[in-house]
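Each value in this text was obtained by applying a stated rule to the coordinates, not by laboratory testing. Because the structure is a prediction, the values reported are computed rather than measured. In this analysis, Cβ positions are derived from the backbone assuming ideal geometry, glycine residues included, and neighbour counts consider all displayed protein chains.
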Amino acid sequence: MKHVIKGLIVIGLLMQANLLLADIFRSQDTSGNVSFSDQPSENSTLVKPAVRAYRYKHHVARVYDGDTIVLKNGEHVRLLGINTPEIESRHREGAAGGQMAKKWLKDKLQQKSVFLEYDQQQHDKYDRLLAHLFLPSGEYLNAGLLTAGLAHLSVIPPNLRYLDELQKAENDAQQAGRGIWSMMEYQPQVVTTQTKEFKRSGWQRFVATPIQIKQGRKYVRLILTDKMDIRISKDNLTLFPDLKSYLGQSLEIRGWSSRNKDHYSILVRHPSAIIVH
């Protein structure tokens, strides 16, 4: 027991010495003596301290849409890791399932209390807070929207906490055919060399087979046809498998396509948006 206590004290001292970002290694000699260090040694093992992220309690003023809320202090909070269909406004048309997602979130937030847990980035380019949203009961609302089939994954590095849980929630909803996964508007579109244009805007599912890789200054592109490609930022390439493994494979690509004259490009930030058939 004294070795365990001694080890915990050492870990605490290492953390207080601003070594939280360093790896901590545990070693035990033949006499059973345990020691800890930030330097690896023969037969040492890496210690992964269980550090729980802090959650901040807030009160909700209103639900803006299925993936955005407004706090009583006026700040907008965008739910991390997911995207729900758009709701109708003076700026855009509504999408199928948008009002359903908003109602689901409003029903969940009737008590008005909510806990925000931040990831690697606290704000987006619109100065909205980015957070994982929890009820006082501990229910994780980002995953709940996915489980109900009212949202789809939208993973933006480096905010990757709870990724496994979010992916499982989406897979469960898709396999069960819940929500958007049963709607005609969200069925995959097959991309071929004969494809002229895509009539729908917003988030879509495309099925295509990459035929070539092209390198650019900021992006690597998987060429689908002479009129369409997938672009991946070079900053995110380490998250992906070797892009050559996608060539010749039938892929489902999930995301938003942008158009430049008669050319379409789908920006993919994380490999969860590319499903190999």
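Name the shape class, rounded, prolate or oblate, that the alpha-carbon gyration tensor gives for the stretch 55-181, where a ≥ b ≥ c are the square roots of its eigenvalues, rounded holds for a/c under 1.5, and otherwise prolate holds if a/b is larger than b/c and oblate otherwise.
Here the stretch 55-181 falls in the rounded category.
Can you put HIS91, HIS132, HIS58 in order, fewest other beta carbons within 10 Å first?
HIS91, HIS58, HIS132
What number, in percent, do you get for the relative contact order of the stretch 138-277 if the mean sequence gap of Cα pairs under 8 Å and at least 6 apart is divided by its residue count?
22
For the stretch 55-181, calculate the relative contact order in percent as a whole number, restricting contacts to Cα pairs under 8 Å that are 6 or more residues apart.
Result for the stretch 55-181 is 26 percent.
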